[in-house]
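Please treat every number below as a calculation from the coordinates, not as lab data. What you are looking at is a predicted structure, and each value in this text was computed from that prediction instead of being measured. Note that we place each Cβ from the backbone using ideal geometry, even for glycine, and neighbour counts take in every protein chain shown.
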Amino acid sequence: MCLAVPGKVLEIEERDGTRMAVVDFGGVVKDVCLEYLPDLEVGEYAIVHVGFALQKLDEESALRTLELFAEIGALQEEFGDPWVSAAEAAAGGEEQR
């Protein structure tokens, strides 16, 4: 599954002519392109999909959404280690046999 996830902008810089940010997604930190949101600032939240910040979001909504995603395991699915996820899926499949 590929979600649009809210994240908090920690740093902003220009890399090779592209406005980029370091964004925190509830403990997972990733690089994100800010070209669609040129006015986004450090400390603000945005909804991010496939590495692009798409829409500014207020802090309350962002934190509530991150909490809900964590409850249903969506953050682990989105950001978890794919090798660990594959091993867990394989182990679960073996138990059913």
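If Lys and Arg each add +1 and Asp and Glu each add -1, what is the summed charge of the other residues whose beta carbon sits under 9 Å from the beta carbon of Arg19?
Values: positive: Arg15; negative: Glu13, Glu14, Glu35.
Every neighbour counted, the sum reads -2.
Taking the Cβ of Glu60 as the center, what net charge do the other residues with Cβ under 15 Å away carry, scoring Lys and Arg +1 and Asp and Glu -1?
Overall, the nearby charge balance is -1.
Quick one: if the Förster radius is 25 Å, what FRET efficiency do Thr18 and Glu67 give, using the C-beta to C-beta distance and rounding to 0.05?
0.20
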